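The values are calculated or read from the model by the stated rules, or taken from the named source; none is laboratory data. In this text, all values refer to a predicted model and were calculated from it rather than measured experimentally. Methodologically, a virtual Cβ is constructed for each residue, glycine included, from the backbone with ideal geometry; neighbour enumeration extends over all protein chains shown. All accessible areas refer to the heavy atoms of the entire protein, side chains included, with ligands and DNA or RNA removed. Shrake-Rupley method; radii C 1.70, N 1.55, O 1.52, S 1.80 Å.
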Amino acid sequence: MSSTVIEHLLDRLAALGIDHVFGVAGDYAFPIEDAVCARDDMRWVGSCNELNAAYSADGYARMKGMAALSTTYGVGELSALNGIAGAYAEHLPLIHIVGMPASVVMKSDRLVHHSLGNGTFMAFYEACAAFTCARAILTPENCVEEIDKALAALKTHRRPIYFGIPSDHAGAEAKPATPAPVAATARDDARLATVVERITAKLQASSQSCILPGNLCDRFSALALAREFIRQSGLPHATMFADKGMALESSPLYLGLYYGHLLHENIASFVEASEVILGIGVQLSDFNTGAFTARLPEERLINILPDHVVIGGERIDGVAMADVLQGLIASCTNLPRFGGTVPHQKLPEASGGAALSSGTLYHDIQTLLRPGDIVAAETGNASMGLSEIRLPDGCAYHNQTLWGSIGWATPAAFGMAMAEPDRRVVLVTGEGSHQLTTQELSQFARYGRKPVVLIINNDGYLIERLLCADGETYYNDLAQWRYSLLPEAFGCHDWVVSSVSTREALLAAFETCNTDTHRAHFIEIKMKRYDAAPVAMALHGAIDTLYDS
């Protein structure tokens, strides 16, 4: 049975498990949007703006493995580009479908809307090159081959791809094609066996080893294998800042947060004294290393990455993370069990006073969380406070450490809720970040999702106050909204809304969240101006190493 260009593309996406397309309506993209809305197996999700659509697709991809968004030419695609760049940095597979002017128009020098007015129609296509791992402008003749090639790149690199579809091509019949066969990359079993043997031998000879599971094992579909290896190995393990949620934190062998030498010196001492430090998809970024204060000797560091392994500074290509982990799991019975004392991070404690404090707040958020919850933690003070709590087993945790675009969490949480409608999403954000993308609250109500939304109000950009020379500089101030009125204004009419400034009121609000589970909850948490999480305060004291000044 024949199909059009856009139908063929959507068929391929549906086969990959994508049943929602995020975006904003636009005239050049009408053929795309019409095709989505005509399907029984796919739903159009209209976002408040294209940036929010990209963030929502980011959150959706974290849950479902990949996501799709559609924008119109020029104005729409550029608005989404920041979110797509973040997905590129964070290894999230997004399929960006752009509705373009008709092919005859793009071959002319006509002045048409959404263009630059200079007859150049490919500028936006070229602008996306650095933020995608594959891109193509689809025609009836090339669509079968180009879609196959781009989706193959998406699966390999776990990064965004771009399809531009001229409006007259979208509804044209896709021409049958016999794409050139893509040569399968043969697994080098001998090389794989050697890598597994070398890692196993080092672990066998070590009297103290430590595992650092990183978020790349989640991005490359190896999280279950990483956790199984950790469990069977019986080795102590810790997580770095960006990697929270990768370990099962209920394990007695889980040390806690390794944040270089800014916090938890007992954890840093144990990790760095280990004879083997085994990373699984760890990235040694500025925030992950505690402003570059982590000291991980190259000769004792092994890092298992998606398509290669680094052992003592030696890079070995051509071995996949999942294959290496499967080999290590098979050899776990030969590993010595650690018999020493395992240090543990001191957990947040509640203060005795009635007023809220960061210690009180994060202690109590920990008691709010339940197995099965999905936590979306905004960049800045919110994720820094949450990095030190213990997650219940089965609770997923996501933040955007590397890209760090404030405002990400609210629409990303919505995308997570669309991907996992039967799980509770807990959004934790600061009021400054929330002001960037707060409109997406309306989408939770529009699509019947019931999150728990926690807005931490410190009267301004708290993390910026801590990182700049003078925290009272005017650019750190914010217009103070009446946050508790936002849900009603955005159509969230049946939400439970509260604004709290004491611990007693906060605990009462949390109890309501866990008893009245059939409604959404919005809680503004009023904190003192400089009441920051310990991780944020530690960064405040490490500005020199953070910025290498």
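Kindly list the number of the only condition in (1) farther than 17 Å from Leu263 by Cβ; (2) touching a residue at least 12 places away in the same chain (Cβ under 8 Å) that fails for Asp422.
(2)
Just checking, which of Gly327, Gly290, Gly281 is more than 25 Å from the chain's Cα centre (by Cα), crowded, with 18+ Cβ neighbours inside 10 Å and touching a residue at least 24 places away in the same chain (Cβ under 8 Å)?
Only one candidate passes the filter, namely Gly327.
What do you reckon, is Gln366 without any contact (Cβ under 8 Å) to a residue 40 or more places away in the chain, out of contact with any strand residue (DSSP E or B) (no Cβ under 7 Å at 6 or more places or on another chain) and surrounded by fewer than 23 Cβ atoms within 10 Å (Cβ to Cβ)? It would help to see each step written out before you state the result.
Details: without any contact (Cβ under 8 Å) to a residue 40 or more places away in the chain: yes; out of contact with any strand residue (DSSP E or B) (no Cβ under 7 Å at 6 or more places or on another chain): yes; surrounded by fewer than 23 Cβ atoms within 10 Å (Cβ to Cβ): yes.
Yes, satisfied.
Given the criteria closer than 25 Å to Val535 by Cα, under 22 Å from the mean Cα position of the chain (by Cα), open to solvent by less than 60 Å² (accessible area, probe 1.4 Å) and not basic (Lys, Arg), does Val425 qualify?
Taking the combined requirement at face value, the residue satisfies it.
Output the residue which, of all residues in the range 187-231 that are part of a loop (DSSP other than H, G, I, E, B) and not hydroxyl-bearing (Ser, Thr, Tyr), is surrounded by the most Cβ atoms within 10 Å (Cβ to Cβ).
Applying the first criterion (part of a loop (DSSP other than H, G, I, E, B)) to the range 187-231 yields 187-188, 206-208, 214-215, 220-222.
Pick out the ones that are also not hydroxyl-bearing (Ser, Thr, Tyr) and you get 187-188, 208, 214-215, 220, 222.
Values: Arg187: 12, Asp188: 14, Gln208: 17, Gly214: 23, Asn215: 28, Phe220: 19, Ala222: 24.
Out of the qualifying residues, it is Asn215.
Looking only at the range 289-324, which residues are out of contact with any Gly (no Cβ under 8 Å at 6 or more places or on another chain) and either within 15 Å of Asp243 (Cβ to Cβ) or hydroxyl-bearing (Ser, Thr, Tyr) (or both)? Break it down stepwise before answering.
Of the residues in the range 289-324, the ones out of contact with any Gly (no Cβ under 8 Å at 6 or more places or on another chain) are 296-297, 309-320, 322-324.
Of everything in the range 289-324, just one residue is out of contact with any Gly (no Cβ under 8 Å at 6 or more places or on another chain) and either within 15 Å of Asp243 (Cβ to Cβ) or hydroxyl-bearing (Ser, Thr, Tyr) (or both), namely Leu296.
Quick grid of which residues meet (1) over 32 Å from the mean Cα position of the chain (by Cα); (2) free of Cβ contacts under 8 Å to residues at least 60 places away in the same chain:
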site	(1), (2)
Ser108	yes, yes
Ala123	no, yes
Leu138	no, no
Asn142	yes, yes
Leu154	no, no
Gly164	no, no
Ala177	yes, yes
Ala201	yes, yes
Gln204	yes, no
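Tyr254: touching a strand residue (DSSP E or B) at 6+ places or on another chain (Cβ under 9 Å), open to solvent by less than 10 Å² (accessible area, probe 1.4 Å) and under 18 Å from Thr401 (Cβ atoms), yes or no? Lay out the reasoning, then the answer.
Details: touching a strand residue (DSSP E or B) at 6+ places or on another chain (Cβ under 9 Å): yes; open to solvent by less than 10 Å² (accessible area, probe 1.4 Å): yes; under 18 Å from Thr401 (Cβ atoms): no.
For Tyr254, the condition - touching a strand residue (DSSP E or B) at 6+ places or on another chain (Cβ under 9 Å), open to solvent by less than 10 Å² (accessible area, probe 1.4 Å) and under 18 Å from Thr401 (Cβ atoms) - is not met.
Can Gly448 be described as assigned to a loop (DSSP other than H, G, I, E, B), surrounded by fewer than 17 Cβ atoms within 10 Å (Cβ to Cβ) and at pLDDT below 95? So that I can check it myself, show each step before the final result.
Numbers: assigned to a loop (DSSP other than H, G, I, E, B): yes; surrounded by fewer than 17 Cβ atoms within 10 Å (Cβ to Cβ): yes; at pLDDT below 95: no.
Criteria not met by Gly448.
Please state which one of Ser405, Ser387, Ser383 is open to solvent by 10 Å² or more (accessible area, probe 1.4 Å) and of a type in the set (Ser, Thr, Tyr).
Numbers: Ser387 fails: open to solvent by 10 Å² or more (accessible area, probe 1.4 Å); Ser383 fails: open to solvent by 10 Å² or more (accessible area, probe 1.4 Å).
Testing whether each residue is open to solvent by 10 Å² or more (accessible area, probe 1.4 Å) and of a type in the set (Ser, Thr, Tyr) leaves just Ser405.
Only one of (1) touching a Phe, Trp or Tyr at 6+ places or on another chain (Cβ under 9 Å); (2) at pLDDT below 95; (3) basic (Lys, Arg) fails for Arg187. Which number is that?
(1)
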